[in-house]
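K.L.:
Handing you this structure, nothing more for now.
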Amino acid sequence: MEIEEDEERRRQRKLEEALEVKSLRRIISAYLNYPEAAEEDVRRYEKSFKKLPPAHKALLPHYPSKFKNLRRCISLNSYFIFTMLQAFEPPLDMSQDVDGCKDPHLENFEHGHCHSEERNASSCQSVSTSGRMCCSNHAQACSQEKSNIMSNPTTELQEVKSEQQHEPIFGSGAGEVENKNEIAECCSNDVADSNGNAFSSPHDWLDPSLQLNVPLVDVDKVRCIIRNIVRDWAAEGEKERNQCYKPILEELDAQFPNRSKESPPACLVPGAGLGRLALEISCLGFISQGNEFSYYMMICSSFILNHTETTGQWTIYPWIHSNCNSLSDNDQLRPVLIPDIHPASAGITEGFSMCGGDFVEVYNDSSQIGVWDAVVTCFFIDTAHNIIEYIEIISRILKEGGVWINFGPLLYHFADMYGQEDDMSIELSLEDVKKIAFHYGFKLEKEQTIETTYTTNPRSMMQNHYHAAFWTMRKKRTTTT
């Protein structure tokens, strides 16, 4: 009987790993398909332009030059993307055959809005005050399959190169890739896997035969990541960061005025995205851990946190993917330099880490009970299928007297899912959210509404604004008689 159970567990683990490989391969394929999808947009613009009557076409003599500039911008975005992918070390054997592996939940699982991409898992990275980067060689299972691999996300960290030892893969980001052949040459270069796993070489896992045909909606998520880079890692995103992150950082600073360098308070940041908020919290003097479940996000944050050598190292063009609501072509085609700070030189507190995994799967573990002094959620709680479960877990993992600082709207990400009978989306009003929090032992200390945007082009004629809920709640201490 035990032999049969062991065999079943091995079979299940193998299936889960195959599902993760398939999901990760799909995400990598979305990144790799970015240049062709963007080029297709430009061809569509050209086709429409050519249909104009000669008299109308004569009024736009600069348009052929604009199309050429768009292609140059796409080329530079692609250069950044492929450099990022070459630095990524897949946690699994990407060459394994997963064609027969089907996940009925994949489409539902990969649904998400721009401020919350696919909630897939990635590895755990750590950065110390010496600037030495660490990353785990394990990963949480993807899709909706359960895994205990990262139930203790702070363990099994492996040290990799320090910032002084980093060497650029292709050199400065100021270089330009003019065509697909040069991009392909970039992708054919070998990069050694620090674990010595041959399958992690881009020569293998970026092989065209291993790539998947992905829908355009997947490539749209790559464009969304590019906009998120601006929000977290560009000077142009400072206004949004001041709207969202600054109030959180000021509140944390006020809540923990006498932080000890010898024993810093621990703060968890679920839904950490590209990692800027978690890093800023670390720089305040907290042991900060960002938690993210999106491979799209984790691949990018890992690259910026671990492979950045200087400020402004890379140039991207985040606003080229839409012709709508532009004040001028120059606005649409303007470059953005990233990052605006050098992460390893930012003054982080030892113990800073980025942990990949589903929030519920990782932090609903008994080892997490009463671990955290603070939990910070920014544009996160509405990513839940069941927001009550999120609140329950936040309460459980906080120490008594610990604080929960929340910032964001209630744009429930699964609210517009139709035809998924096995899916759920609990969409509570703000009033009900607070009532649930009170039930789980929270006391409201501060509350206000702050107007903000999210990954918005600051020069666009259209600006979507949120009236975000910002609160501080404290977990009540248990009274003893």
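K.L.:
Would you mind telling me which numbered condition in (1) part of a helix (DSSP H, G or I); (2) open to solvent by less than 10 Å² (accessible area, probe 1.4 Å); (3) not polar (S, T, N, Q) residue 376 fails?
P.N.:
Of (1) part of a helix (DSSP H, G or I); (2) open to solvent by less than 10 Å² (accessible area, probe 1.4 Å); (3) not polar (S, T, N, Q), only one is false for residue 376: (1).
K.L.:
May I ask you to verify whether residue 455 is within 25 Å of residue 281 (Cβ to Cβ), open to solvent by less than 30 Å² (accessible area, probe 1.4 Å), in a loop (DSSP other than H, G, I, E, B) and modelled with pLDDT of 95 or more?
P.N.:
yes
K.L.:
Within the stretch 1-8, identify whether any single residue is in contact (Cβ under 8 Å) with a residue 60 or more places away in the chain and part of a helix (DSSP H, G or I), and answer yes or no.
P.N.:
No; the residues of the stretch 1-8 include none that is in contact (Cβ under 8 Å) with a residue 60 or more places away in the chain and part of a helix (DSSP H, G or I).
K.L.:
For the stretch 207-232, what are the residues that are part of a helix (DSSP H, G or I) and at pLDDT below 85?
P.N.:
Across the stretch 207-232, the qualifying residues are 208, 209, 210.
K.L.:
Something else now. Can you tell me which residue in the stretch 379-406 is surrounded by the fewest Cβ atoms within 10 Å (Cβ to Cβ), limited to those that are under 12 Å from residue 436 (Cβ atoms) and acidic (Asp, Glu)?
P.N.:
Residue satisfying both the conditions and the ranking: 389.
K.L.:
Answer with yes or no whether residue 353 is at negative phi, assigned to a loop (DSSP other than H, G, I, E, B) and modelled with pLDDT of 95 or more.
P.N.:
So residue 353 fails the test.
K.L.:
Of all residues being part of a loop (DSSP other than H, G, I, E, B) and in contact with a helix residue (DSSP H, G or I) (Cβ under 6 Å, 6 or more places away or on another chain) in the stretch 356-370, which is surrounded by the fewest Cβ atoms within 10 Å (Cβ to Cβ)? Just the residue, please.
P.N.:
Taking the candidates together, the pick is 369.
K.L.:
When you go through (1) crowded, with 18+ Cβ neighbours inside 10 Å; (2) modelled with pLDDT of 95 or more; (3) within 29 Å of residue 318 (Cβ to Cβ) one by one for residue 256, which number turns out not to apply?
P.N.:
Single failed check for residue 256: (3).
K.L.:
I need every pair where a residue in the stretch 292-310 that is in contact (Cβ under 8 Å) with a residue 12 or more places away in the chain has its Cβ under 6 Å from the Cβ of a residue that is among the basic types (Lys, Arg) and open to solvent by 10 Å² or more (accessible area, probe 1.4 Å), sequence separation at least 6 or different chains.
P.N.:
Taking only residues 6 or more apart or on different chains, the pairs are 293/119; 294/119; 296/221.
The values are calculated or read from the model by the stated rules, or taken from the named source; none is laboratory data. In this text, all values refer to a predicted model and were calculated from it rather than measured experimentally. All Cβ positions, even for glycine, are placed from backbone atoms using ideal geometry, and neighbour counts span all protein chains on display. Surface areas here come from the heavy atoms of the whole protein model, side chains and all, with no ligands, DNA or RNA. Shrake-Rupley method; radii C 1.70, N 1.55, O 1.52, S 1.80 Å.
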